[in-house]
Amino acid sequence: MTKVSDWHDLSRVAFGDGPELADELLALVLAGHKRATCWSAADGLLGASVGGRWVVEDSKGHPRAVVETVELRERRFDDVDADFAAAEGEGDRSLAYWRDAHRRYFTRNGGFAPDMMLWCERFVLIEVLEVSAPV
């Protein structure tokens, strides 16, 4: 794993829409299971770019990992495939699980439609940060 000498200036993101989900998804990143994420295209690119690095935070705002975007693709919700669902690393990693969990997530967060556009991002883990307090 590459070390990032100065990650303090990188953008910071906590996954999910609440503390429990943020920590659950972070654990999947740290375990090597989660290597992708997505969000509504209506929210824009949110600063994402291929080659860009960002910090994943835990539910308390502590920086825990540095990841690098390796793919960024816009696609419809109902066009997401089993390979991408597995890369998200959640549940049993099946497309059925992914669709159900993300339908519920997008419904909670402003609306869901089977044809909604998403930004689908794949990333690699660059460094695990052992930081005990926010910096």
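The values are calculated or read from the model by the stated rules, or taken from the named source; none is laboratory data. Because the structure is predicted, anything quoted here is derived from the model rather than measured. Glycine also receives a Cβ, built like all others from the backbone with ideal geometry; neighbour counts cover every protein chain displayed.
Here is how the numbers come out for the structure above:
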{"item": "The stretch 79-135, subset polar (S, T, N, Q) and at pLDDT 95 or above, residue nearest to Leu45 (Cα to Cα)", "result": "Thr107"}
{"item": "Qualifying residue in the stretch 100-117 (condition: among the charged types (D, E, K, R), closer than 21 Å to Val29 by Cβ and either touching a residue at least 60 places away in the same chain (Cβ under 8 Å) or surrounded by 16 or more Cβ atoms within 10 Å (Cβ to Cβ) (or both))", "result": "no"}
{"item": "Complete set of residues in the stretch 1-29 that are in contact (Cβ under 8 Å) with a residue 12 or more places away in the chain and within 16 Å of Arg93 (Cα to Cα)", "result": "Leu25, Leu26, Leu28, Val29"}
{"item": "The stretch 65-92 - residue that is of a type in the set (Gly, Ala, Ser) and assigned to a helix (DSSP H, G or I) and, of those, farthest from the chain's Cα centre (by Cα)", "result": "Ala82"}
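One line per residue, one yes/no per condition, for (1) surrounded by fewer than 19 Cβ atoms within 10 Å (Cβ to Cβ); (2) in contact with a Cys (Cβ under 9 Å, 6 or more places away or on another chain); (3) closer than 15 Å to Arg12 by Cα:
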position	(1), (2), (3)
Gly44	yes, no, no
Val56	no, no, yes
Ala65	no, no, yes
Ala85	no, no, no
